[in-house]
Amino acid sequence: MITARYGIGKRKWYNTNMPIKVLPTDVASKIAAGEVVERPASVVKELLDNSLDAGATNIAVEVQGGGVRLIRVVDNGVGIPPEEVDIAFERFATSKVETTDDLESISSLGFRGEALPSIAAVAEVTMVTRSKGELGGTFLNIKDSAVVEKAKRGCPLGTTVTVRNLFRSFPARLKFLKSTATENGHISQIVTQYSLAFPEVRFVLIVDGRTTFRSPGKDSLREALGVVYGAENAKSLLAVEAGDGNEDPLLPHITGFVSPPSFTRATRGYMSFFVNRRWVQNRMLPYALEEAYRGLLVTGRHPVAVINIALPPQDVDVNVHPAKSEVRFRHERDVFTAVQMAVRDTLVAQAPIPTLETLYQSQPAPAPSTGPLITSDAGAQATSAMSPVATPPPVAPAVGLLPILRVVGQVASTYIIAEGPDGMYLIDQHAAHERVLFERIRDQRQRRAVEVQGMLQPVPVELTVRQQELLEMHGEALAEYGFDIEHFGERTCLVRSVPAMLRGQNVAQSLTELLDFVGEGAKSDWREGIAVSLACHSAVLAGQVLSHDEMQDLIRQLERTSNPKHCPHGRPTMIHLSAAQLEKGFGRR
Amino acid sequence: MKVSCSQEDLSKGLAVVGRAVATRAVLPITNNVLLATEGSQLKLAATNLEIATSCWIAANVEKEGTLTVPARLLTDFVNSLPSGQIEMTLPARSKSLELKCARYDARISGLDAADFPAIPTIEDGIKVTVKPDALRLAINQVVFAAASEESRPVLTGVYTDFDGDQLTFAAADGFRLAVHTMSLDAAIKEKMAVIIPARSLNELGRLLGDQEEPLEVTVNSQRSQVLFKMSGVEMVSQLIQGTFPNYDQLIPQSYSTRAVIKLSDFLVATRSASIFARDGSGIVRLQIMPKDGSGKIDISARAEEIGDNLGEIDATVEGEEAKIAFNSKYLLDVLQVITEKEVALETTSSSSPGLIRPVGNDKYLHVVMPMFVQW
């Protein structure tokens, strides 16, 4: 019998004959500590929270042996007065919260009063601290949660906490730690993320005696980003600006930086979210961000972003987990929308046309020795970083507007060469036409005025089982686009009318490919997928020779679209070779 | 080979066969033109494997011979020469054709004529004789309705039906159908239908341009090729194999509104509407309004955020008021090939096919599917 087998199986794991009793304090505190201190990086995080809550402007983090041998955090914060030092290591001791009401609106990073005692439960901790007005500092040595030494000691203003031999008395946890390099990676991730949340604080990270990270501490997020992601990359990031400052203070307020669609990474690991300056993990936020990029990024590429969300403390619950990296929002939908809208607005307004340089950069890991042209480009880039002329202040162009373009010719029957006020533009004729058609069919559907061409004779289309299912599921959406499709025996359908756009195309092929396209992956918006696929099938192909008038007409139509710089799949429609780049390339400058 | 001919004749002959020269050839020799002496004539031939065109020009043959040379090179060179006699010599065991005209000399490397694809010869089969003008009109009125997209190969061809003394051409691309019937001077005994590629008929229409004598059309007994024999020019085309859809059922048998319109009015109004239709999908809206035995048609188009237009033309309308929208290109395509002064437009509803036919001529009809629009 199954239940019996379960019973026997269970008994293998623990002895039910043990009586129930209250755990001894040391066991209980170690279990609690396990929740807070999961790995060395958690210690660093807790100590950084304390330092920042103490108003530090300079924080040095030193780690050795992946943080297991040593973690030392030195800050110049307000310090702890001598009479409070002892109690700081008591469980649930905190200066940050007094009543339960305070929990409703937490504005400090720490509040649970668990950090120091938790750390002290799993490691040897020493602390030197001096608060303002004290002549000398206090030294405290704690082993196994007990103060073993307390003395007066001279020290600068602020607090230094040193954590040694982490998890030595906790071999189970030690066993599950990853390699030193991995743990160092986690620590460095924490410090860099904090440097983005607190650009005004100067963070230094010393790993095994080597300074690996130093944030500028100049209260400029862009400069902080420059250190984390590289100066050139940081320069290309687009500022997510707050509105005019008049909006409702109760609504989420979004600031930060996001990457232009030309600058992407292959993982989601480059999106940082801060809620009231607390670095948080939340499933919904990256989703909101990527939604804002919809139609701008190629599948499998992810943006780089730092998003600060400011909202009233009572609207966010950080007390979900002792580590405090998870948060819950009272009005999750509002936060989602705010993030998405703010980022989308930024992208639409500011996204620059990719230049040849950014295209080279976004290639994954270019070989160190590329062709001579690219090398000279890279050189030009380095000089351009210094020359004030080449780095114009970011001007936000009017939404959607393209520069006035004059058609020069066509390359490889695929790209239109056009001249604009600042150099040369190469326009992908297929991508550009796709954008035009996509917006046309989308608008037609929204106005319920899709242009439909009837078939004189219905076209029979053979479908796979999967395509048939998709057709049944989404027949209504297809009808909105002008498809009149009728079942005709098993796995065959008759198409009686098609969107006028598809006239002259292979109807059967277009329909089956459309079903395949919208069927792959989980499309959140089927209707948009149909529009994308229709535009793709109807657009002029690469390799098609266009007359001068056709090219001029295409550009004119592209100008009228709301997002002329990207095709609906997210690829760029054009790249820009500026007059300055041309001059440099030819050695005129 | 040693042969001479006039520059004009050679230039004209090369132009005739030039269109049959393959452009992006899998078989490189099909980029060449075949030169061969035949009696007192010089034969020029080219093929792209779908069609083969041969042309004979008067020549003074001193020594027989044959060779193929790059068509483009020879044509361009001959066209650049002054008028006069051109002497072409192919020395024995050589592949290099020597040309001499006035004080110009050239040598063109060629390829062996034995490697050139055989130009099909059609001796037996079903033969009819047609007048070039009548055939040209039929081609004009039908070929444009064939499909340009190749998903259904039979639709890229023109259905050609030989039945007694009637020769019928029909083409359809899924949105429209054009049917032209012509009478033959002599009836044939056997009933037969083949599908001729629209491209071949287009090319034939071009070749018919300067023909005055009746031409012979012969379908071989395997029904795989058709020969058009004109004076001094022959064209052979492969036929498309397959079954052409039964188009009779696509022709509406009745109507609820019939408008008789002056063709020139209809054309002008459609053209001006097509300018506004250009930005969208080319939608031209027709509103047919009867009024005491006569009536009018409003032809309009609009482009979102750009503008709109409306043209009003007189028509004799019988039946009820009707609204129907067409693609302007489809409408212009058919109106431009009708030669009569008046046309009739017959409709039953705004979502069923419209029928256009010249008034006083039941040899041509055109069916076009409307576009479904918001009125």
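Quick notes
- Counting other Cβ atoms within 10 Å as a rough exposure proxy, the listed residues B:TYR364, A:TYR270 run A:TYR270, B:TYR364 from fewest neighbours to most.
- Principal-axis tilt of helix B:7-18 within chain B, Cα atoms, nearest 10 degrees: 50
- Here the Kirkwood formula, the inverse mean of 1/r across different C-alpha pairs, assigns the protein assembly as shown a hydrodynamic radius of 35.7 Å.
- Top positive-direction residue, dipole computed over chain B with Cβ charges, set B:THR348, B:PRO290, B:ALA36: B:ALA36
- Of the residues A:LEU116, B:ILE251, B:ALA315, the one whose Cα sits farthest toward the positive end of the charge dipole of the protein assembly as shown, with +1 on the Cβ of Lys and Arg and -1 on the Cβ of Asp and Glu, is A:LEU116.
- Exercise: per-residue mean of other protein chain Cβ atoms within 10 Å, B:278-284: 5
- Total charge dipole magnitude, the protein assembly as shown, about the Cα centre, Cβ charges on Lys, Arg, Asp, Glu only, Debye to nearest 20: 3600
- In the range A:247-305, trypsin sites (Lys or Arg not before Pro) in a DSSP loop with at most 11 other beta-carbon atoms within 10 Å: A:ARG283
- Among the listed pairs B:LYS131/B:LYS363; B:LYS12/B:LYS63; B:LYS2/B:LYS229; B:LYS296/B:LYS323; B:LYS2/B:LYS100; B:LYS2/B:LYS95, those with a Cα-Cα distance over 20 Å are B:LYS12/B:LYS63; B:LYS2/B:LYS229.
- Against chain B, whose longest principal axis comes from its Cα atoms, helix B:132-142 is set at around 50 degrees.
- Partner shielding of B:366-375 amounts to 4, given as the average count of beta-carbon atoms from other chains within 10 Å of each residue beta-carbon.
- Relative counts (whole %) of C-alpha pair distances in chain B, using bins that are 10 Å wide: 5, 21, 24, 19, 16, 10, 4, 1, 0
- 10 Å Cβ shell holding at most 13 others, DSSP loop, GluC sites (Glu not before Pro): longest site-free stretch of chain B: B:213-303
- Charge-dipole axis of the range A:107-234 as Lys and Arg at +1 and Asp and Glu at -1 on Cβ define it, positive-most pick from A:VAL201, A:THR160, A:SER220: A:THR160
- Reducing the range B:54-69 and the range A:539-553 to their Cα centroids gives an inter-centroid distance of 43 Å.
- Sites B:LYS189 and A:ARG333 - FRET efficiency at Förster radius 56 Å, r taken between beta-carbons, to 0.05: 0.10
- Here r is the Cβ-Cβ distance between A:ASN58 and A:HIS548 and R0 is 56 Å; the resulting FRET efficiency, rounded to 0.05, is 0.30.
- Total formal charge among the other residues, if their Cβ is under 15 angstrom from that of A:VAL465, Lys/Arg +1 and Asp/Glu -1: -3
- Low-density loop cleavage sites - trypsin sites (Lys or Arg not before Pro) in the range B:205-268, where at most 16 other Cβ are within 10 Å (DSSP): B:ARG223
- DSSP-assigned coil residues among GluC sites (Glu not before Pro) in the range A:452-504, each with at most 15 further Cβ atoms within 10 Å: A:GLU490
- Between the range B:102-162 and the range A:269-311, the alpha-carbon center distance in angstrom: 63
- Net charge, B:TYR255 excluded, C-beta distance under 13 Å - Lys, Arg +1, Asp, Glu -1: -1
- Residue-averaged 222 nm ellipticity for the protein assembly as shown, from DSSP H runs of 4+ at -39500 (n - 2.57), nearest 500: -9000 deg cm²/dmol
- Shielding of A:440-450 by partner chains, average beta-carbon count, 10 Å: 2
- Applying 1/(1 + (r/R0)^6) with R0 = 56 Å to the Cβ-Cβ distance of A:ARG447 and B:ALA92 gives a FRET efficiency near 0.15.
- Taking 0.36 nm per residue of separation and subtracting the Cα-Cα distance, full extension of the segment from B:ASN202 to B:ALA134 would add 23.0 nm.
All of the numbers you see were taken from the coordinates with simple rules; none came from a lab. Fair warning: this is a prediction, and the values are worked out from it, not measured in the lab. Virtual Cβ from ideal backbone geometry, glycine too; neighbours counted across all protein chains shown.
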